[in-house]
1. What is the spin-label model distance, in nm, from residue 22 to residue 362 if the labels are put 7 Å beyond Cα along the C-beta direction?
2. Report which label in (i) 52, 36, 21; (ii) 52, 30, 25; (iii) 73, 33, 21 holds the value of semi-axes √(5λ) of the Cα gyration tensor in Å derived from the coordinates of this structure.
3. Arranged from highest to lowest average of other beta-carbon atoms within 10 Å per residue, in what order do the peptides 421-431, 351-361 appear?
4. If you average the C-alpha positions of the stretch 341-364 and of the stretch 646-670 separately, how far apart do those two centres end up, in angstrom?
5. Going by accessible area, probe 1.4 Å, with all protein chains left in place, what is the ranking of 595, 403, largest first?
6. From Cα pairs below 8 angstrom and at least 6 apart in sequence, can you work out the relative contact order of the chain, rounded to a whole percent?
7. Describe numerically, in nm with one decimal, the distance between label points set 7 Å from Cα along Cα→Cβ at residue 228 and at residue 689.
8. To the nearest 0.05, how large is the calculated FRET efficiency for residue 458 and residue 353 if R₀ is 41 Å and r is the Cβ-Cβ distance?
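The values are calculated or read from the model by the stated rules, or taken from the named source; none is laboratory data. Worth saying up front: this structure is predicted, and the values here are computed from it rather than measured. Cβ sites come from the backbone with ideal geometry, for glycine too, and all protein chains shown count toward neighbours. Accessible surface areas use protein heavy atoms only, side chains included; no ligands, DNA or RNA. Shrake-Rupley method; radii C 1.70, N 1.55, O 1.52, S 1.80 Å.
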Amino acid sequence: MSTGWQFLKSTFKWFFILFLICAIGVAIAGYLFYEKLEKELPDINTLSSVQYQIPLSIFSRDKKLIARFGEKKRIPITIDEIPQRQLNAFIASEDDRFYAHPGVDYQGLLRAAIQLAITGKKKQGGSTITMQVARNFLLSREKTYIRKIKEIILALKIEQSYSKDKILQLYLNKIYLGHRSYGIAAATMTYYGKPLDQLNLAQMAMLAGLPKAPSSYNPISNPERAIVRRNYVLRRMLELEYITEAEYNLAKSQTVTASLDYKTTEADAPYIAEMVRQELFEKYGEELYTKGLNVYTTIDSRLQDAATQSLQTALHLYDQRHGYRSLPHSNEVSEKEFSAEKIGDTQIAKVFQLTEKSAKAKLSDGEIIELSWENIEWARPYKGRSYVGNPLKSSQDIFAENDFIRVRALPDNQWALAQIPEVEGAFVALRPQDGAILALTGGFDFFHNKYNRATQSKRQPGSGFKPIIYATALEKGFTAASIINDAPVVVADPDQETHWKPQNYSHKFYGPTTIRDALRKSRNLISIRILREIGIPAVRRTAYRFGFNSEQVPNSLSLALGSGHATPLQMAQVYSTFANGGFLVEPYLIDKIVDNDEQIIFQAQPKIACIQCEHNNNGETRAKRILSPRINFLMNTLLRDVVRRGTATRAKVLKRNDLAGKTGTTNDQKDTWFNGYTADIAATAWLGMDEPSPLGRGETGGKAALPMWIEFMKVALKDKAEHELKRPAGISSAYVDPTTGLLAIRGSGKGIWEYFRSEKTPSQYSPVEAESDEEGQQEDDLF
């Protein structure tokens, strides 16, 4: 008995020693293993200054989002910006003991271990939010036991160094939630098109259900499974008493409202966005799309909307004057085309009911619209740019039931028959004082055609170039009352068999004409005579002062008709000089760039057109004067007269006295322009074909382009005070005979008031006794 007991005692002793040795060995091995892992673990201190891959964001001057560029959609936010109910939804879904455990949920790990032992399969369920932060920020995506151990160690360390709110904030900014959306703020804009604080409970639960499987539970690609997952999140929130039974039932009953069609931008300016992207890509390369730069442009979103709408409307009006090019019939339009996105302000509709003077149609979203006769009758058959078919008698003259048509919404909530315009256009508005681009659109629809006509097109400026010739003439001693004979001009060209015989637009000749009348009536022959008198080199030098280069300004008399080339942006720059007192400003688009840490890394410092600053020494920020105050004043009086009594009188609908500008129409009406301004804004409108060709009979700058400018200015000049044109020192006024340019006797009814540089004021009286059609004009009536 004692021997057996001694044997058992001895055996137990040796087993204990062996166990102790093994335990010590395991402990040492575990310690050495931990030490090895410890050396391999990344530094958790990097979490205090995380650099997310954040897209480039572009904003208007009034801080409205224009565009984002980058593969990953991400909008980092702080925990304070996330509604508590949204936080509760994620906690209920992903880690309901988040605020109780030390980073590792041992209960969850135990359940996962038991599941592994029973089934032999690894299943999710043991990872806490903190462990996911460790995995997403610090570890690779490989699925091994070693990585899991590292994940646990890191989670414990993270919890010791960071608050629960900080950990949750890191998690919610990092997680992938489908459709290139990383982080909760980006996801809510992607799926619902609105910020977090505007989501309802069902939408919050839907987002909280995505981290487990962003593709399988996606409300866009798999709405049925998404609802199942959403309802699970809602049930967990109910069980955890985050919501009431009534709230649960209401949210559970709601359908899927997620959509990728929500507009995530606030300002419609795609041409601007692309200009910014191209400019910055040259500096930053591919890094541009991940640095999280916030670019604030000079664009005014209100004016940008006005520019876009004005351009689209002007193109439609041109198209309506030239007839209807119908869409194919229903059997030639696919369902995909029917549901296609808008092109410009137009979309496809399907006609389902016709009357003699109206039509009803259905949009791709099912909305029923009605077209009244006044919005249909323009659609006479297209016969070419100078001819249209017979007037319509009935809506059935142009389409039948089941036809597909294009329509557009009008400002008065009516719908109109439309088509994608054959013609194109561009519009630019600048702040004359420093060249800031306030609005710019380069065509009917950027996504239909990305060519930016405002900055890339090289078009003949036509008569819009004439003010440069007239400014040169004034500098050379001509006056606004100088008389030039409007008579035929024949120019011999040794390279051609025939001579060049330029014409006025009217193909008429008007005899002796003052420079003032010649500019406001855009007389081509007088411009040629002036150019020949003062010399082509002199005008080219003036053009260089305005920013043109030698390639843009031909060394021939055709320069008088604007035969060079310029972009609409450059023409707006030219007219900014007349608007700002005679200074050349450089157009600029980027006002400032702010990095991800909210530090300003670039701030524009444009040169300012400042008459009051001319005598200080701050040359670094002062724009260069290129016209003297007196010449600029005289040019303003001439260009205001174009609106008051010349080719731009349509602009008088704005009921202002401070409008000035110049129409432009090139040979065969291939380009039409209006360049106009007030002291607050200079803007250029252009309309033409991408491949230069005649626009059709009667399509002039005053008819085709000016309405675009007027519609824009209705918005831009609203509540803007008028600016008086101040007469600088050295300017005199005199009562002159418009047929001779000499003085007329006051009260004779034979003269007009005119401005002169004091030394150029006429001193002789006119011997002519002809009646003036300006009889009774007072000096104050001039401007």
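1. Result: 7.7 nm between the two label points.
2. Only one option fits the structure, namely (iii).
3. Working: 421-431: 25.0, 351-361: 16.6.
Sorting 421-431, 351-361 by mean packing, highest first, produces 421-431, 351-361.
4. Answer, in whole Å: 35.
5. Working: 595 35, 403 10 Å².
Listed by decreasing accessible area, they come as 595, 403.
6. Working: 1468 pairs, mean separation 82.0, N = 783.
Taking the mean separation of contacting Cα pairs over the length of the chain, I get 10 percent.
7. About 6.0 nm separates the two model spin labels.
8. On the way: r = 48 Å, r/R0 = 1.18.
FRET efficiency, residue 458 to residue 353: 0.30.
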